[in-house]
Ligand SMILES: Cc1cc2nc3c(=O)[nH]c(=O)nc-3n(C[C@H](O)[C@H](O)[C@H](O)COP(=O)(O)OP(=O)(O)OC[C@H]3O[C@@H](n4cnc5c(N)ncnc54)[C@H](O)[C@@H]3O)c2cc1C
């Protein structure tokens, strides 16, 4: 007997468009292509990935910036699982969240979050932390309990500095403020307490939610490149160096102008950065009420830089952990990136190097005015000050992303709707008011927009 036939799927008269091929756009495109919807993705840049991509330097596949995820990032984890073949944490390496000083220094705190069920994980981490005295740790535990009892809610206009004012200084400065700065990429005196409290809530909910997840592939191979392959396999296309503008939208489709021509998509997702939105919408579209609201919200946003200093060494490095804490003067965190050398065994630079680290400086500061040479010199001097025997680098690269994330300030207004008009949706890391600019916010918004379009096109 013949197997029952699948119902014939209606052929779509036009593909869906995704404008912007960062992680939000890639998540949207993956969602659409996986439902059999052909996608045309436009990106103004020569490569996909946006603010999370591989850059080649001297043949080395380094990342434009160090990206760290946590176990609570469910949307990203499940997308990467779909992309890389069904394994839990595919493309990622999991380790317990830890603060391990690069070298002993005044104010340093050592802490490891054990794999206990919440709330015992964070409580045990604080109780067993090295650095703060017993009394400080007990006060910090009481503070954490009060935060949990209040449902991790803080006043909308409160800063992280104000939130941490009642935490013993050693715990606030050595533990909580560095985590807040890394997650919100905004200095504590102007970063949002409600957003940081929400992140503490997320990492306290389930066993493993606080774990660090480190990419084991370069950022392009983690999501953007597999997405491009899937788009092509499902009858779609990736158009790079293709700046696109939405010029009209109706229930019949969305008109898009790119490379001197206009084409009609069945539906479109605008997944550009918040500072790029105004250029992606023509005046007729920008005037739609929800588009005007989104433009008002994004035009009020300010942005923060992130600097990443790669240092290469002829010798193997002895580091206490893959991720170690520095003393913020100026480097904040040091990542052991020998994985990059292992992935690029044929590059001349990789052959010459035995050790590679990435030093991260989140948000702006006194280092902003330094050029690349001065900044890498300053970071190396910092490492030698902390550990006088640390070797001298023979290779360095500095990547400063000037608009790395929006400033995650208290009360930051976000667009009220991610649906702008008939068949036109937004995706991006700035849409969820509970989250800072993260891969998780980008991926979750991209998937939501992809699902909304799939429903509109009868493929939900
Ligand atoms: C150095 C650095 C470190 C970071 N560290 C972390 C971290 O540790 N953990 C974490 O979770 N997040 C981190 N982030 C944040 C994370 O990278 C971003 O939140 C995320 O990549 C944003 O994705 P997106 O798709 O929303 O936007 P984008 O990546 O900005 O993508 C927008 C895309 O749209 C394209 N575009 C713009 N206008 C047009 C147009 N008119 N037509 C066509 N294309 C257009 C752009 O070229 C770009 O590719 C970091 C970011 C940086 C820069």
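Per the Debye formula with a single identical scatterer at each Cα and no solvent contribution, what log10 I(q)/I(0) holds for region 12-128 at q = 0.19, 0.20, 0.24 Å⁻¹? The computed values of log10 I(q)/I(0) come out as -1.13, -1.18, -1.35. Compared with the dominant principal axis of the Cα atoms in the chain, helix 74-83 is inclined by about 60°. Rounded to whole Å, give me the distance from the Cα center of region 87-112 to that of region 297-328. Cα centres, region 87-112 to region 297-328: 14 Å. Taking a ≥ b ≥ c as the square roots of the eigenvalues of the Cα gyration tensor, region 304-406 is prolate, since a/c reaches 1.5 or more and a/b is larger than b/c.
Using the Cβ-Cβ distance between residue 115 and residue 343 with R0 set to 22 Å, the FRET efficiency from 1/(1 + (r/R0)^6) comes to roughly 0.20.
When restricted to Cα atoms, the chain yields an Rg and a Dmax of 23.0, 78 Å, respectively.
Rounded to the nearest 0.05, what FRET efficiency do residue 229 and residue 315 give with R0 = 35 Å and r taken as the Cβ-Cβ distance? Could you check? After rounding to 0.05, the efficiency reads 0.35. Ordering 41-54, 93-106 by mean Cβ neighbour count within 10 Å, with the highest value first, yields 41-54, 93-106. With angles folded into 0 to 90 degrees, how steeply does helix 289-299 sit against the dominant principal axis of the chain? Use alpha carbons for both and round to 10. It is inclined by approximately 30 degrees. Here, region 97-210 has an Rg and a Dmax of 13.1, 37 Å when only alpha carbons are counted. Out of all DSSP beta bridges with both ends in the chain, state the antiparallel percent to the nearest 5. Restricted to the chain, the bridges split so that about 75 percent are antiparallel. Within region 180-218, list the residues whose amide N lies under 12 Å from a label point set 7 Å along Cα→Cβ of residue 162. Counting backbone N atoms under 12 Å from the label point, the list is 189-194.
The three principal axes of the Cα atoms in region 240-298 give end-to-end lengths of 29, 28, 17 Å, sorted in falling order. Put in order of Cβ neighbour count within 10 Å, fewest first, the listed residues 135, 384 become 135, 384. Annotation: for a label point projected 7 angstrom from Cα along Cα→Cβ of residue 34, residues of region 425-453 with backbone N closer than 18 Å are 427-428, 439-453.
The gain in end-to-end length when the residue 240 to residue 292 segment is fully stretched comes to 16.0 nm, 0.36 nm per residue minus the alpha carbon separation.
Multiplying the residue separation of residue 374 and residue 392 by 0.36 nm and removing their Cα-Cα distance gives an extension gain of 5.0 nm. Computed from Cα atoms, the angle from the helix 134-149 axis to the main principal axis of the chain rounds to 20 degrees. By the count of neighbouring beta-carbon atoms within 10 Å, fewest first, 18, 109 end up ordered 109, 18.
Every read-out reported here was derived from the displayed coordinates using simple, explicitly stated rules and does not represent laboratory data. Remember, predicted model here, so these are calculated numbers, not experimental data. Glycine also receives a Cβ, built like all others from the backbone with ideal geometry; neighbour counts cover every protein chain displayed.
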